[in-house]
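J.: Here it is: the structure, laid out below.
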Amino acid sequence: MKTLLLTIDAWRADHASFMPGSVGEHTPNLDRLAEQGTVFSEAVSHGPATPYAFPAVFTSALPLDYGGYEELSSERTLVSEALSRNGWHCVGAHANPWLGEKYGYGRGYDDYRDVGEFGLPGLERGRQFLLENFSLDSPVYRAVQSAYRYVQGPLRMVTGDAAEIEVAREALEDARDEAFVWTHLLEPHAPYTPPKHHREAVGVPETDTTPSQLVTRAQHDPESFSEREREVIRGLYAASVRHADEKVGKLLRAVDDDTLVIVTADHGEALFEHGQVGHEPALYDELVHVPFLVRPPGGASTEVVEDQVRHVDIAPTILDYAGVEAPDSYQGRSLRPAVEGDDIDTEHAVSEVASSPTQPGRLDPDELQVGVRTPARKLIYTADGIEGFDLDADPGEESPITDPDGEEWADLQAALDERLDSIDVADTGGVERDDDVQERLRNLGYME
């Protein structure tokens with residue numbers, strides 16, 4: 001059996017057209033896959049941005065466990081490590097600087113590629129030569145880097161504009177049984193610059209400002225936007241989702257009926273909700289409620305599961321289908337019974353972060369936020385206190401309950417207290433990031 005784990009960056013649950021209550025028909029390729037699988041309508045990410053979400057996806061443990069998310073502790077067992085130890089061939093491809101090998105994400109893979117900076121085929125050796133002979137600040141390195149960025153667009157048109165998708169497609173086509181392939185697609189992450197045909201399909205209004213300039217302003221000053229400008233931003237995002245689905249369609253052509261496929265987002269995206277465009281640290285549903293589907297070999301018995309599931313359930317599900325025992329450190333449960341038609345319980349979902357908007361990815365105990373969610377209610381702890389949200393009556397989380405009390409909140413409060421008691425956020429100096437990583441994070445809008 002082959003396994004494909006496809007994660008899509010900054011993808012809202014309401015922009016996956018196979019999800020109940022979605023807006024628009026933006027994901028036709030994934031919709032066709034979902035017809036053969038199980039859609040989980042109440043899936044929750046454990047963090048509101050890539051560095052806070054992925055530890056749970058890969059290690060079935062919460063982001064702030066085992067020393068936190070700045071670097072994956074060796075005490076965590078990645079699903080790739082568990083599979084590799086049992087003879088599986090593992091390939092991973094991404095273009096997100098948060099997921100570099102230096103942060104521990106490459107463990108267990110036979111082939112792990114960052115196809116971002118200098119990521120086109122044949123150029124990685126050249127980059128390594130430059131790094132070995134010139135500093136990142138040297139005029140030589142900067143000149144080559146600038147030239148690469150200038151020609152990157154045309155080169156992508158020749159070699160294929162989704163290198164991470166191409167790596168995954170080739171890995172699936174070349175793989176025999178017992179192969180695990182993970183790829184992370186950066187679209188629809190800001191700056192929302194989809195091709196013209198997707199903008200036209202969505203009907204994005206024309207503006208005098210380029211999409212990237214408009215999105216950058218929206219990230220920094222969303223309250224200044226007129227309603228028409230907001231419509232443009234939402235349209236650009238929707239067109240970016242369509243672009244992502246188009247790329248995914250190329251990958252799915254390499255997926256046979258005997259392959260386990262799991263698709264989800266690492267986190268969502270705010271589009272002016274709660275005064276934000278993007279995904280700075282917050283725990284509202286536009287950031288932590290995510291699309292999620294499982295297409296098992298041979299197809300699924302259940303079309304939609306409304307019980308709440310979580311990202312910590314992904315790795316145990318993969319290992320269950322692979323016939324590999326889950327490590328004792330795993331906190332999630334396999335979703336295979338739900339896919340095969342059995343009932344499962346709704347579990348509390350914890351989402352958490354301890355970083356500031358100005359220092360993303362850096363642990364700071366003063367910035368701790370913890371949310372505990374069921375499909376009906378949510379509690380969010382911050383340094384300012386605890387707020388409750390009735391998600392049935394207030395799905396947009398616009399009317400916080402400042403003193404959530406009573407029997408209906410008791411279980412959530414107990415779960416929140418238990419999680420807060422178990423968290424020990426260390427104020428670290430942080431894992432060193434080289435200038436290349438810093439620049440890529442700036443290009444994605446994480447840093448100024």
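J.: Can you give me the distance in nm between label points at GLU408 and LYS196, each placed 7 Å from the Cα along the Cα-to-Cβ direction?
T.: If labels sit at GLU408 and LYS196, their model points lie 5.3 nm apart.
J.: While we're on this one: Using a basic spin-label model with each label point 7 Å from the Cα along Cα→Cβ, how many nm lie between ARG228 and ILE401?
T.: Distance between the two pseudo-spin positions: 4.2 nm.
J.: Here is a follow-up. For ASP392 and ASP174, compute 0.36 nm times the residue count separating them, minus their Cα-Cα distance, and round to one decimal in nm.
T.: Gain in length upon complete extension: 73.8 nm.
J.: Hey, another quick one. Please list, ordered by chain and number, the residues whose modelled amide H lies under 5 Å from the amide H of ALA300; skip anything fewer than 5 residues away on the same chain.
T.: GLY37
J.: On to the next question. In whole Å, how far is the Cα centre of region 399-421 from that of region 276-349?
T.: 24 Å
J.: Taking K and R as +1 and D and E as -1, what net charge do the other residues with C-beta under 9 Å from the C-beta of THR302 add up to?
T.: Combined, the nearby Lys, Arg, Asp and Glu give -3.
J.: Follow-up question, since we're still on this one. Treating cross-link reach as a plain straight distance, find the lysines whose alpha-carbon is under 22 Å from the alpha-carbon of LYS250, omitting any fewer than eight places away in the same chain.
T.: The qualifying lysines are LYS2, LYS196.
J.: Another one. Hey, can you rank 171-182, 3-14 by average C-beta count inside 10 Å, highest first?
T.: 3-14, 171-182
Read-outs: derived from the displayed coordinates by stated rules, not from any lab. Since the model is a prediction, treat every value here as computed from it, not as a measurement. As a convention, Cβ positions derive from the backbone with ideal geometry for all residues, glycine included, and neighbour counts pool all protein chains shown.
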